[in-house]
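S.K.: This is the structure I want to talk about, given as structure tokens.
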Amino acid sequence: MRYVIVGAGEAGLRAALALHQAGEQDVTLLNGEVLGSYERPALSKPSPDGLFHKPIAADLTGIKLQSGKKAVGIDRGAKRVFCDDGSGVPYDKLLLATGANPRRLYTAERDSTLELRTVDDAKRIYEAAQPGGRAVVIGAGLIGMELAAELVRRELSVTVLEAGPRALGRAVPSILADMIVKRHVAAGVSFHFDCKITRISAGRLELADKTTIEADLIIASIGVDPEVSLAATAGLECANGIVTNANLQTSDESIYAAGDCACVDHPIYGLRRFETWRNAVDQGTFAAKAMMGAEASFDAIPWFWSDQHDLSLQVCGLAEDRLDAVCREGTDGSIMLFYLDAEGRLVGAAGLAPGNTIGRDVRLAEIMIAARSAPDKSLLADTSVKLKSLLRS
Ligand SMILES: Cc1cc2nc3c(=O)[nH]c(=O)nc-3n(C[C@H](O)[C@H](O)[C@H](O)COP(=O)(O)OP(=O)(O)OC[C@H]3O[C@@H](n4cnc5c(N)ncnc54)[C@H](O)[C@@H]3O)c2cc1C
């Protein structure tokens, strides 16, 4: 069986390794980037010595890795992928792991804003980030907020502009988001919420309320769009990502999709696209098994983390303000929120703490969510009750 994988990010790489480890001999990995696979999360969380390029350690012996080569077309009838160097690669099973692209801001002067997705983007940002400089981050999402923390650590004065009423509005409960903002403010970051930018030119931003902000560095961190151009041109069903069934199979039974580009029919959450590191790892590995014939549903509970200043955030499942929430506060400054649905079943949890003290509790919450547990709310809130004891509820 000939397997071709487009994209050597986290999802594509994990799929290639899983196929190879299962004994498959003919695995081609098309890496659109010239660099080998690396960890994107490290780009916005450099280590204390400033290093942000963290290659993924993996033995690719036996995998046909083609770096710097982009797939530009798929002939689904002939089962062939065409590349930008004119070559064609035949497949029996094809995995699209093409990731996502950062949204760009339309600005008066082209290239007056930077984005962060690749090592080259990170190089551009950190080279321009000189101590004493003025940085503006547009967008208070996870990546924007992590960047703000890193830039203030590098001794820049940092302003975050957010169109919405609060930070981290898409994925993080408001109580925790407010605590994170407070920590940023204590570190010297300024915020403008409900903010409308009317003009950006090199070195200057104008807001609708007539404020002007001078900046040496402007970074737009306003979300990503799934990279679906290859899939859409090939006629595969796309809607906020490449649509797949629960087995990660697209509308063509020989073609699968995984990671940031895939919009998956999840048995608990419905048709959803996840943009997280662990999802890319899990879907990549799952897609390999599915391509080898395993029939299962991708039902992993979504989970992500973020590090900002000395705070560590972890969220699993659905942690949304509209749900019934139970709060458990630790004596060490940690806080855990549990989210229950109308039937009292645990569907999400989120924790915030200095260091990584909430990791274990979030993991236990994940197990309870997967088991569809309906824990007693007073016991959930009681820190003298070990979470582990609620696993059977
Ligand atoms: C700065 C940053 C910080 C992050 N921090 C966190 C975090 O703290 N926690 C968390 O959970 N997640 C985090 N994420 C998200 C996480 O990194 C992504 O969800 C994950 O990397 C997605 O992996 P992927 O393989 O689906 O896509 P990608 O990593 O985007 O890989 C897709 C690859 O496909 C290639 N490609 C695209 N089209 C083609 C083509 N036609 N031919 C060949 N190759 C092609 C692309 O060049 C790319 O290399 C962060 C992301 C960024 C950018």
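The values are calculated or read from the model by the stated rules, or taken from the named source; none is laboratory data. Since the model is a prediction, treat every value here as computed from it, not as a measurement. Don't worry about glycine lacking a Cβ; one is built from the backbone with ideal geometry, like all the others, and counts go over all protein chains shown. Heavy atoms of the whole protein, side chains included, go into the accessibility calculation; ligands, DNA and RNA do not. Shrake-Rupley method; radii C 1.70, N 1.55, O 1.52, S 1.80 Å.
S.K.: Could you sort I143, I218 by their accessible area in this structure, using a 1.4 Å probe and putting the largest first?
M.R.: Accessible-area ranking of I143, I218, largest first: I143, I218.
S.K.: Ordering F286, F338 from largest to smallest accessible area (1.4 angstrom probe), what's the sequence?
M.R.: F286, F338
S.K.: I need the Debye-formula profile for segment 219-272: one equal scatterer per C-alpha, no solvent, reported as log10 I(q)/I(0) at q = 0.20, 0.27 1/Å, two decimals.
M.R.: Normalising to I(0) and taking log10 leaves -0.65, -1.03.
S.K.: List the aspartates and glutamates whose Cα sits under 17 Å from the Cα of K79, skipping any in the same chain fewer than 8 residues away.
M.R.: Cross-link targets: D26, D92, D252, E253.
S.K.: Using a 1.4 angstrom probe on the protein heavy atoms only, line up V362, V152 by accessible area, largest first.
M.R.: Final ranking, largest accessible area leading: V152, V362.
S.K.: Let me ask something else. Could you work out the Kirkwood radius for segment 208-311, taking every pair of different alpha carbons, averaging 1/r and inverting it, reported in Å?
M.R.: By the Kirkwood definition, the hydrodynamic radius is 15.6 Å.
S.K.: What shape does the chain take by its C-alpha gyration tensor, where a ≥ b ≥ c are the square roots of the eigenvalues and a/c under 1.5 counts as rounded, a/b above b/c as prolate, and the rest as oblate?
M.R.: oblate
S.K.: Additional query: Normalised by the number of residues in the chain, what is the relative contact order in percent for Cα pairs under 8 Å and 6+ residues apart?
M.R.: 14 percent
S.K.: May I pose another question? How much of the DSSP beta bridge set in the chain is antiparallel, as a percent to the nearest 5?
M.R.: 60 percent
S.K.: Roughly what % of Cα-Cα distances in segment 1-106 sit above 21 Å, to the whole percent?
M.R.: I get 39 percent for the Cα pairs in segment 1-106 exceeding 21 Å.
S.K.: May I pose another question? What FRET efficiency do you get for A128 and F82 if R0 is 35 Å and r is their Cβ-Cβ distance, rounded to the nearest 0.05?
M.R.: Efficiency for this residue pair is about 0.40.
S.K.: Go ahead and set up a Gaussian network model of the chain, Cα springs under 10 Å, then flag whichever of D85, D341, D260 fluctuates most.
M.R.: It is D85.
S.K.: Identify the GluC sites (Glu not before Pro) of segment 174-281 meeting these criteria: DSSP loop state and at most 12 other C-beta atoms within 10 Å of the C-beta.
M.R.: E253
S.K.: Per residue, how much accessible surface does segment 297-393 expose to a 1.4 Å probe? Answer in Å², no decimals.
M.R.: Per residue, segment 297-393 has an accessible area of 47 Å².
S.K.: With every atom except the alpha carbons ignored, what do you get for Rg and Dmax of segment 311-393, in angstroms?
M.R.: Cα-based Rg and Dmax for segment 311-393 come out at 11.4, 34 Å.
S.K.: Cα to Cα, under 18 Å, and not fewer than 8 places away if on the same chain: which aspartates and glutamates meet these conditions relative to K70?
M.R.: Within the straight-line limit of under 18 Å, K70 reaches these aspartates and glutamates: E10, E33, D84, D85, D120, E227, D260.
S.K.: If packing is taken as the mean number of other Cβ atoms within 10 Å per residue, what is the order of 307-313, 115-121, 75-81, highest first?
M.R.: Order by mean packing, descending: 307-313, 115-121, 75-81.
S.K.: Out of all DSSP beta bridges in segment 171-278, what portion is antiparallel? Express it as a percent rounded to 5.
M.R.: 80 percent
S.K.: For segment 333-390 and segment 205-281, what is the separation of their C-alpha centers, rounded to whole Å?
M.R.: 29 Å
S.K.: Among the chymotrypsin sites (Phe, Trp or Tyr not before Pro) in segment 90-186, which ones are in a DSSP loop with at most 11 other Cβ atoms within 10 Å of the Cβ? Mind listing them?
M.R.: Qualifying residues, ordered by number: Y106.
S.K.: OK, next. Once R0 is set to 35 Å, what does the formula 1/(1 + (r/R0)^6) return for the Cβ-Cβ distance between T233 and M179, expressed as a FRET efficiency to the nearest 0.05?
M.R.: E(calc), rounded to 0.05, equals 0.20.
S.K.: On each of the three principal axes of the Cα atoms of segment 104-220, give max minus min coordinate, whole Å, ordered largest first.
M.R.: The Cα atoms of segment 104-220 stretch 37, 30, 25 Å along the principal axes, largest first.
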